[in-house]
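Contents: one structure, followed by commentary.
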Amino acid sequence: GLGFKWGKTRSGTNLDKQDSSLLVATGHTQGGKSPSTKSHREKWYTRYRELEAFKAEHGHCNVPQRQGALGKWVHNQRTERKNDKLSEKRVQKLDGLGFVWKPRSSPMTWDERLAELTRYKDAHGDCRVPRSNGPLCHWVKGQRAARKKDKLSE
């Protein structure tokens, strides 16, 4: 929208019906929102479905914050819960998905990374992990480099 303020003109008079009708007809509604704007609830469920797909592909819900809109959304869910602003229904839905509210700051163990790689291979049929997969990609590169240098233990 244009950020249009409904109600008063600069001169302090109310908008007449003709002016209001023209704004609505051109796609602007009260509050400056376009009629096609999704509700907050619809946006939440859209991101939730994206998180379900992410988990199906990666085996976890820990989307890096730098990974676009979904990463920001995941971060925001943690922040909203921490500030007691996330509804219990949403907390339960995220819990049911295996959402981690306080991701650990310590790195994953070698065995945990191997399990993550195994899930990735099961989903994709190979171990060519793309850069967009962040930490797992770096771990795989490190394992390959160690093997090249004959530093990988059996």
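The values are calculated or read from the model by the stated rules, or taken from the named source; none is laboratory data. Every value quoted in this text rests on a predicted model; they were computed, and no experiment measured them. Every residue, glycine among them, receives a Cβ derived from its backbone with ideal geometry; neighbour counts consider all protein chains shown. Ligands, DNA and RNA are excluded from the accessible area calculation, which covers all protein heavy atoms including side chains. Shrake-Rupley method; radii C 1.70, N 1.55, O 1.52, S 1.80 Å.
So the values come out like this:
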read-out: K102 being part of a loop (DSSP other than H, G, I, E, B) and closer than 25 Å to Y48 by Cβ; value: yes
read-out: Residue list for the range 51-74, filter: open to solvent by less than 70 Å² (accessible area, probe 1.4 Å) and either part of a helix (DSSP H, G or I) or more than 17 Å from P130 (Cβ to Cβ) (or both); value: L51, A53, F54, K55, H58, C61, G68, A69, L70, G71, W73, V74
read-out: Candidates R113, R47, R78, R90, filtered to the one that is at pLDDT below 90, in a helix (DSSP H, G or I) and touching a Phe, Trp or Tyr at 6+ places or on another chain (Cβ under 8 Å); value: R113
read-out: Single residue of the range 119-132 satisfying the filter (open to solvent by less than 100 Å² (accessible area, probe 1.4 Å) and under 20 Å from R66 (Cα atoms)) that is modelled with the highest pLDDT; value: V129
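Results for (1) among the hydrophobic types (A, V, I, L, M, F, W, C); (2) under 25 Å from Q65 (Cβ atoms); (3) surrounded by 14 or more Cβ atoms within 10 Å (Cβ to Cβ); (4) touching a residue at least 60 places away in the same chain (Cβ under 8 Å), shown as yes or no for each residue.
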position: L117; (1), (2), (3), (4): yes, yes, yes, no
position: G134; (1), (2), (3), (4): no, yes, yes, yes
position: R144; (1), (2), (3), (4): no, no, no, no
position: K151; (1), (2), (3), (4): no, no, no, no
